[in-house]
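> Take this structure, written in structure tokens, and hold onto it; I'll ask about it next.
The values are calculated or read from the model by the stated rules, or taken from the named source; none is laboratory data. Quantities reported herein were computed from a predicted structural model and do not represent experimental measurements. Methodologically, a virtual Cβ is constructed for each residue, glycine included, from the backbone with ideal geometry; neighbour enumeration extends over all protein chains shown.
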Amino acid sequence: MGEFESGALGRVTVYSIKGCPHCVQAKATIRDLGVPVCDIDVGSHSEVRVKLKELTGRSTVPQIFFNGVHVGGNDDLQKLAPDELQRLVTLVKEEPVPADAPPLPEKNLPDDTAAETEKDFECERDEMADLVGDLKHGDVIGNHRRGVTLYKKSFSGSQLVDWLQKEKGMARDAACNTGQTLLQKKFMVSVHGCGLKEAMFGKGKDTMDTLYRLLEDDPNNALNAGQTASCSPIQAAELSLLVRELILKLFSEHLSADGKSVDYKGMSANPDFQRYCDLAIQLQRVELLSLSREEKMAFFINIYNALVIHGYLRLGPPTNMWQRYRFFNYVSYLIGGEVFTLQDIENGVLRGNRKGVAQLLRPFSKTDPRLQVAIPDGEPLIHFALNCGAKGCPPIKTYTPEDIDNQLRTAAEAFLENDDGCTVDSGKKEVRLSQIFKWYKADFGGTDEKLLEWVLHHMGDSPKKTSLQGVVSAGKTKVSFLPYDWSSNSSH
């Protein structure tokens, strides 16, 4: 909560979430007016989100109240006429907070995510990590040729078994079981495309001839690769929450006072960024196959949103269409033994393996082990969880499996509430929608009629929804698409 300044009888209440640039800008503007700001983080309190919706009829943040007067979002605040703004400032300075002003949450209100995020990630060293360390320093790993291809930093199944027998004194069966465990735990992968489900190691000549690599030696460009994840794997949901919270903390600390730019250089020099990288390494061996649909969606949305920021830190934000295409097809994490780019996460996993914009093929082929992780039929609502509008953010910062469907509906409602998501012109009988609806039209029914039906169904009750209903029921609605704002928020 914000600090109360002396001298004013009332207060300005700002409902916000961590990492929301519009919220930061609104709070900076209000502080410059010399009035006390009480900041309420709705990202932590689902009951406050519900109350806020009742109070304002809106789902986006920020929402701003001068005493009991609801001003609206940051955009509304910036557009206030100077005399009206002065009237509100005087009101806060001279009048006490009225009884019908938005209530403050109780001090001891339970935080949805506090339990998971207050504690630091504790690494319990995996029992196999020391063995892998010894293997790296043994004389097993080398270059091997298969046909015309040279596989660097590899070893065969029989070499591994021989080493385990000789150096670790294991019986052959125990050595084979250890090889199987190293595969299952994703410490090593087969070089011919590692699968999420591996054949039984050591049971037959094939697996003894197969070449393997330690996962850290597998050549890829993943931002969390090149180092062994030596901690015992933690639950996917908990890990994605920790990753998302830590990157958001970093992002918030390096967001400029006006909320318009991010100092990525400063962020990458922050010691917390190294902590973030150590945490991201643990994604390498996370267990994905046992996750439910809800767990997968929450996990991959959180990781996608964190990976975008990590990608900006490493490569800088893309500034044109071509760079953006490359960015989304290149920036990746190693997750559960497999490499997932941003594009793989969005189109492969969350959209149920559908072609993305400018893609000729589906992200995963029929034999791709990542196909097992794809969400059947996909989920169109994910488009709004991977976005923050140009004028307001959804009031959720981190997605949780327990409430994922409600959270996604709220994010869609918040997106459509923004004029960069949807505008309605009753006179022209025209509805203008974000380019997202054009690019992914198939996800929303494939035709203009189905698209409008979907939008109506996912809008919150508002004057905009009423005018859209009017336009749609009159028939012959013209659907067009708004220009997309590609500008990034980097200060460099």
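> Quick one: which helices (runs of 4 or more DSSP H) lie wholly within the stretch 1-100 and hold at least 1 residues that are free of Cβ contacts under 8 Å to residues at least 40 places away in the same chain and within 34 Å of the chain's Cα centre (by Cα)? Talk me through it step by step, then tell me what you get.
Numbers: elements: 21-32, 46-56, 74-78, 82-94.
In the stretch 1-100, the matching helices (runs of 4 or more DSSP H) lie at 21-32, 46-56, 74-78.
> Taking the stretch 10-52, which residues are at pLDDT below 90 and either polar (S, T, N, Q) or outside the structural domain of D76 (by TED's automatic domain parsing) (or both)?
S44, S46
> Of all residues being in a loop (DSSP other than H, G, I, E, B) and either of a type in the set (S, T, N, Q) or surrounded by fewer than 23 Cβ atoms within 10 Å (Cβ to Cβ) (or both) in the stretch 382-392, which is modelled with the lowest pLDDT? Just the residue, please. Don't jump to the end; show me each part of the working.
Within the stretch 382-392, the subset in a loop (DSSP other than H, G, I, E, B) is 386-392.
Add one more test, that the residue is either of a type in the set (S, T, N, Q) or surrounded by fewer than 23 Cβ atoms within 10 Å (Cβ to Cβ) (or both), and what stays is 386-391.
Working: L386: 86, N387: 69, C388: 64, G389: 62, A390: 59, K391: 64.
Ranking the qualifying residues of the stretch 382-392, first place goes to A390.
> Of the residues P395, P376, P363, only one is buried (at least 20 other Cβ atoms within 10 Å of the Cβ), in contact (Cβ under 8 Å) with a residue 24 or more places away in the chain and not in a helix (DSSP H, G or I); which?
Working: P376 fails: buried (at least 20 other Cβ atoms within 10 Å of the Cβ); P363 fails: in contact (Cβ under 8 Å) with a residue 24 or more places away in the chain.
After ruling out the rest, the residue left standing is P395.
> Which residue, of D425, D448, D443, is over 22 Å from V357 (Cα atoms), over 15 Å from the mean Cα position of the chain (by Cα) and not assigned by TED's automatic domain parsing to the domain that holds P21?
Details: D448 fails: over 22 Å from V357 (Cα atoms); D443 fails: over 22 Å from V357 (Cα atoms).
Just one listed residue meets the conditions, D425.
> On the basis of being within 26 Å of V50 (Cα to Cα) and of a type in the set (S, T, N, Q), does T447 make the cut? Lay out the reasoning, then the answer.
Values: within 26 Å of V50 (Cα to Cα): no; of a type in the set (S, T, N, Q): yes.
In short, no.
> I436 versus (1) in contact with a Ser or Thr (Cβ under 8 Å, 6 or more places away or on another chain); (2) part of a helix (DSSP H, G or I): which is the lone unmet condition?
Only one criterion in (1) in contact with a Ser or Thr (Cβ under 8 Å, 6 or more places away or on another chain); (2) part of a helix (DSSP H, G or I) is unmet by I436, namely (1).
> Can you tell me which residues in the stretch 231-252 are small (G, A, S), surrounded by fewer than 19 Cβ atoms within 10 Å (Cβ to Cβ) and within 30 Å of L160 (Cβ to Cβ)?
Here is the first cut: in the stretch 231-252, the residues small (G, A, S) are 232, 236-237, 240, 252.
Checking the rest, the ones that are also surrounded by fewer than 19 Cβ atoms within 10 Å (Cβ to Cβ) come to 232, 252.
Selection gives S232 alone.
> Across the stretch 309-343, what is the number of residues that are under 14 Å from the mean Cα position of the chain (by Cα), small (G, A, S) and within 22 Å of S252 (Cβ to Cβ)?
The total comes to 1.
> Related question: Quick test for you: out of L279, L248, pick the one residue that is within 20 Å of I404 (Cα to Cα) and either in contact (Cβ under 8 Å) with a residue 60 or more places away in the chain or of a type in the set (F, W, Y) (or both).
The match here is L248.
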